[in-house]
Amino acid sequence: MTAGRIMLNKLDKKSGNISFSERVRLGVQKVLTKLAHETAEKNGTLVVKINGEIKEVLAKELLSTLPKE
């Protein structure tokens with residue numbers, strides 16, 4: 001199960017207990033994780049901002065830095 005699906009499951013279970021802004025944040029996080037996975041499947045790159053510097057990184061590298069849930 002991907003991190004995005006885990007977050008969605010948490011969101012479904014707690015939707016009444018969390019704020020709207022937290023639900024939006026979790027939704028955006030889910031979409032960005034899905035984008036990274038789909039891009040990694042195509043051996044693609046993503047443009048990210050790290051410490052104020054804009055870089056192009058392999059999606060697979062980016063996924064390896066995400067926390068495992």
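The values are calculated or read from the model by the stated rules, or taken from the named source; none is laboratory data. Nothing here was measured: the structure is a model prediction, and the numbers come from that model. Using ideal geometry, Cβ is built from the backbone for each residue, glycine included, and neighbour counts are taken over all protein chains shown.
Only residues that are surrounded by 14 or more Cβ atoms within 10 Å (Cβ to Cβ) and of a type in the set (A, V, I, L, M): list them for the range 38-47, please.
Ala40, Leu46, listed by residue number.
With the requirement that a residue be of a type in the set (Lys, Arg) and part of a strand (DSSP E or B), what does the range 38-69 give you?
Scanning the range 38-69 gives Lys49, Lys55.
Look at Asn17 and say whether it is assigned to a helix (DSSP H, G or I), modelled with pLDDT under 95 and of a type in the set (S, T, N, Q). Explain how you work it out, then say what you get.
On the way: assigned to a helix (DSSP H, G or I): no; modelled with pLDDT under 95: yes; of a type in the set (S, T, N, Q): yes.
No; evaluated as a whole, the condition is false for this residue.
Is it the case, given these coordinates, that Leu35 is of a type in the set (A, V, I, L, M, F, W, C), in a helix (DSSP H, G or I), surrounded by 11 or more Cβ atoms within 10 Å (Cβ to Cβ) and at pLDDT 75 or above?
Taking the combined requirement at face value, the residue satisfies it.
Cβ-Cβ under 7 Å, sequence separation 6+ or interchain: first residue in the range 46-59 and within 18 Å of Lys34 (Cα to Cα) and touching a residue at least 12 places away in the same chain (Cβ under 8 Å), partner among the β-branched types (Val, Ile, Thr) and assigned to a helix (DSSP H, G or I). Which pairs?
Final answer for the pair search is Leu46/Thr39; Ala59/Thr39.
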